[in-house]
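Visitor: The structure's right below; bear with me while I get my questions together.
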Amino acid sequence: MPDISTLAVFAAATLALLVVPGPAVTYIVTRSVAQGRAAGLVSVLGIHLGSLVHVAAAALGISALLAASATAFTIVKLVGAAYLIYLGVMKFVRRETGELAEAAPASRRRLLTEGFVVNVLNPKTAIFFLAFLPQFTDPALGPVAPQIVVFGVIWITLGLLSDGAFALLASVLAGRLRRSARARRRLDVSSGAIFVTLGVGMATLTK
């Protein structure tokens, strides 16, 4: 088990990284703005269910294979990019179908699933966990895998808190916008553009 000082340093470094918005935060904020607080918080839960996969992969060494294999990295990268672009295109399509479609928000199950998939299919997240978590491990304290799990749990806990704060703030600021039909249409267009941009950005990632 890592000592208290190591855990404190890890927690501080984790918070510093979490407050910098990335694809996951962008997804959460977009959902919070479009559908409100509950949707944002469900999206946060989905994102960090995906984080559990990355923590487990790092502990088991699977992420090392992804980091070492250019082919595996490319496949995961392109699948993740395609999914983000798909989400963006669906936003544009929903806008074109008019008010009736806008009145039917995504279900919580769909939000949970989308958040999970967005995070799991981000190869940079897998490689980040592989590179970041082991830096705080100490083989002298015993097997490394359980230590990575401990750090992963801390990461996810802090991530739930920080991403939840983003979701709550975004939903509060967007409350008035959601009450306007014109504003909702603009939100669909802007969020669709964000998803497509994220997908294109992910497709161009290199190791």
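The values are calculated or read from the model by the stated rules, or taken from the named source; none is laboratory data. The shown structure was predicted, so the numbers you read here are calculated from the model rather than taken from an experiment. Heads up, the Cβs are rebuilt from the backbone with ideal geometry, glycines too, and the neighbour counts pull from every protein chain shown.
Visitor: LEU84 - would you say it is at pLDDT below 75, over 26 Å from VAL172 (Cα atoms), in contact with a helix residue (DSSP H, G or I) (Cβ under 6 Å, 6 or more places away or on another chain) and part of a helix (DSSP H, G or I)? Steps first, answer last, please.
Guide: Details: at pLDDT below 75: yes; over 26 Å from VAL172 (Cα atoms): no; in contact with a helix residue (DSSP H, G or I) (Cβ under 6 Å, 6 or more places away or on another chain): yes; part of a helix (DSSP H, G or I): yes.
So LEU84 fails the test.
Visitor: Out of SER5, SER32, which single residue is over 18 Å from LEU161 (Cβ atoms) and among the hydroxyl-bearing types (Ser, Thr, Tyr)? Give the steps one after another, and end with the answer.
Guide: Values: SER32 fails: over 18 Å from LEU161 (Cβ atoms).
Answer to the selection: SER5.
Visitor: Please name all residue pairs, on different chains or six or more residues apart, with Cβ atoms under 9 Å, provided the first residue is in segment 125-142 and is among the charged types (D, E, K, R) and surrounded by fewer than 19 Cβ atoms within 10 Å (Cβ to Cβ) and the second residue is at pLDDT 75 or above and not in a helix (DSSP H, G or I).
Guide: Final answer for the pair search is ASP138/ASP3.
Visitor: Out of all the residues in segment 1-34, which are in a helix (DSSP H, G or I), out of contact with any helix residue (DSSP H, G or I) (no Cβ under 8 Å at 6 or more places or on another chain) and over 15 Å from THR157 (Cα atoms)?
Guide: If the condition is that a residue be in a helix (DSSP H, G or I), out of contact with any helix residue (DSSP H, G or I) (no Cβ under 8 Å at 6 or more places or on another chain) and over 15 Å from THR157 (Cα atoms), then ILE4, SER5 are the ones that fit.
Visitor: Pairs only if they're at least six apart or on different chains, beta carbon under 9 angstrom, first in segment 1-17 and surrounded by fewer than 12 Cβ atoms within 10 Å (Cβ to Cβ), second of a type in the set (S, T, N, Q); list them, first residue then second.
Guide: Going by the 9 Å Cβ cut-off, the qualifying pairs are MET1/GLN147.
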